[in-house]
1. What residue, among those in region 5-21 that are under 14 Å from residue 48 (Cβ atoms) and assigned to a helix (DSSP H, G or I), is farthest from the chain's Cα centre (by Cα)?
2. What are the pairs with Cβ atoms under 8 angstrom where one residue, in region 18-31, is on the phi < 0 side of the Ramachandran plot and free of Cβ contacts under 8 Å to residues at least 24 places away in the same chain and the other, located anywhere, is outside any loop (DSSP other than H, G, I, E, B) and surrounded by 10 or more Cβ atoms within 10 Å (Cβ to Cβ)? Sequence gap at least six, or different chains.
């Protein structure tokens with residue numbers, strides 16, 4: 001894949017993460033999704049964690065450290 005294809009794939013993944021938010025009010029409208037896909041990758045923000053989020057090993061380790 002060239003850089004343009006990689007950026008396009010990253011934008012699609014980022015937009016899809018927004019679209020699967022558990023809270024419907026957190027999901028973007030279709031016009032906003034189009035803006036995300038047509039815009040710059042740098043302007044996209046990471047969405048909050050979806051309800052079915054599975055914590056990574058480092059998230060678990062850091063939460064254990066905070067409890068200690």
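1. Within region 5-21, the first condition is being under 14 Å from residue 48 (Cβ atoms), and the residues that meet it are 14, 17-21.
Narrowing the set further to residues that are assigned to a helix (DSSP H, G or I) leaves 14, 17-19.
Working: 14: 4, 17: 4, 18: 6, 19: 9 Å.
Within region 5-21, the match that is farthest from the chain's Cα centre (by Cα) is 19.
2. What qualifies is 19/33; 26/18; 27/18; 27/19; 28/15; 28/18; 28/19; 28/36.
Conditions (1) in contact with a helix residue (DSSP H, G or I) (Cβ under 9 Å, 6 or more places away or on another chain); (2) surrounded by 10 or more Cβ atoms within 10 Å (Cβ to Cβ); (3) modelled with pLDDT of 95 or more; (4) more than 30 Å from residue 4 (Cβ to Cβ), marked per residue:
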{"residue": "21", "(1), (2), (3), (4)": "no, yes, no, no"}
{"residue": "24", "(1), (2), (3), (4)": "no, no, no, yes"}
{"residue": "29", "(1), (2), (3), (4)": "no, no, yes, no"}
{"residue": "42", "(1), (2), (3), (4)": "no, no, no, no"}
{"residue": "46", "(1), (2), (3), (4)": "yes, no, no, no"}
{"residue": "49", "(1), (2), (3), (4)": "no, yes, no, no"}
{"residue": "59", "(1), (2), (3), (4)": "no, yes, no, yes"}
{"residue": "63", "(1), (2), (3), (4)": "no, yes, no, yes"}
{"residue": "66", "(1), (2), (3), (4)": "no, no, no, yes"}
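The values are calculated or read from the model by the stated rules, or taken from the named source; none is laboratory data. Predicted model, so just to flag it, every value in this text is computed and none were measured. Counting neighbours? That spans all protein chains shown, and the Cβs are built from the backbone with ideal geometry, glycine included.
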